[in-house]
Amino acid sequence: MTEFLTSMKNILLIIAILSSLTMGSCTQEYTCQCIVKYTGKPPGLTDSALHEFAIRDTKKEAKSKCEANSTTATVDNVTMTEKCRLY
């Protein structure tokens, strides 16, 4: 009987460990914040702007998706730089 209880305790311990490991990779909602800056004195544009959007994923994937929105482009001597970070 004690052998059975020891075996059950080990099985429950393994289940608890596996459950805690899988819970760490659950998806959550994160906020991606992007700051857009303009240089070259664009007529009618502000110097900078801020926008945010939600990403529901694991933290690692959300960070990757958010930072993928960072970009730089130049048109007619006006440079737009967008830097995105996960919060």
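The values are calculated or read from the model by the stated rules, or taken from the named source; none is laboratory data. A quick note: this is a predicted structure, and the numbers were derived from the prediction, not measured. All Cβ positions, glycine included, derive from the backbone under ideal geometry; neighbour counts span all protein chains shown.
Structure above, values below:
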| item | result |
| --- | --- |
| Filter result (more than 8 Å from the chain's Cα centre (by Cα) and exposed (fewer than 12 other Cβ atoms within 10 Å of the Cβ)) within the range 57-79 | A68, T72, A73, T74, V75, D76, N77 |
| Subset of the range 29-47 [in a strand (DSSP E or B) and surrounded by 12 or more Cβ atoms within 10 Å (Cβ to Cβ)] | Y30, T31, C32, Q33, C34, I35, V36, K37, Y38, T39 |
| Pick from the range 18-28, criterion exposed (fewer than 10 other Cβ atoms within 10 Å of the Cβ) and either of a type outside the set (S, T, Y) or touching a helix residue (DSSP H, G or I) at 6+ places or on another chain (Cβ under 7 Å) (or both), ranking: modelled with the highest pLDDT | C26 |
| Count of the range 62-81 residues which are in a strand (DSSP E or B), touching a residue at least 12 places away in the same chain (Cβ under 8 Å) and either touching an Asp or Glu at 6+ places or on another chain (Cβ under 9 Å) or within 30 Å of E29 (Cβ to Cβ) (or both) | 2 |
| Count - residues of the range 42-61 that are farther than 19 Å from Q28 by Cα and of a type outside the set (S, T, Y) | 8 |
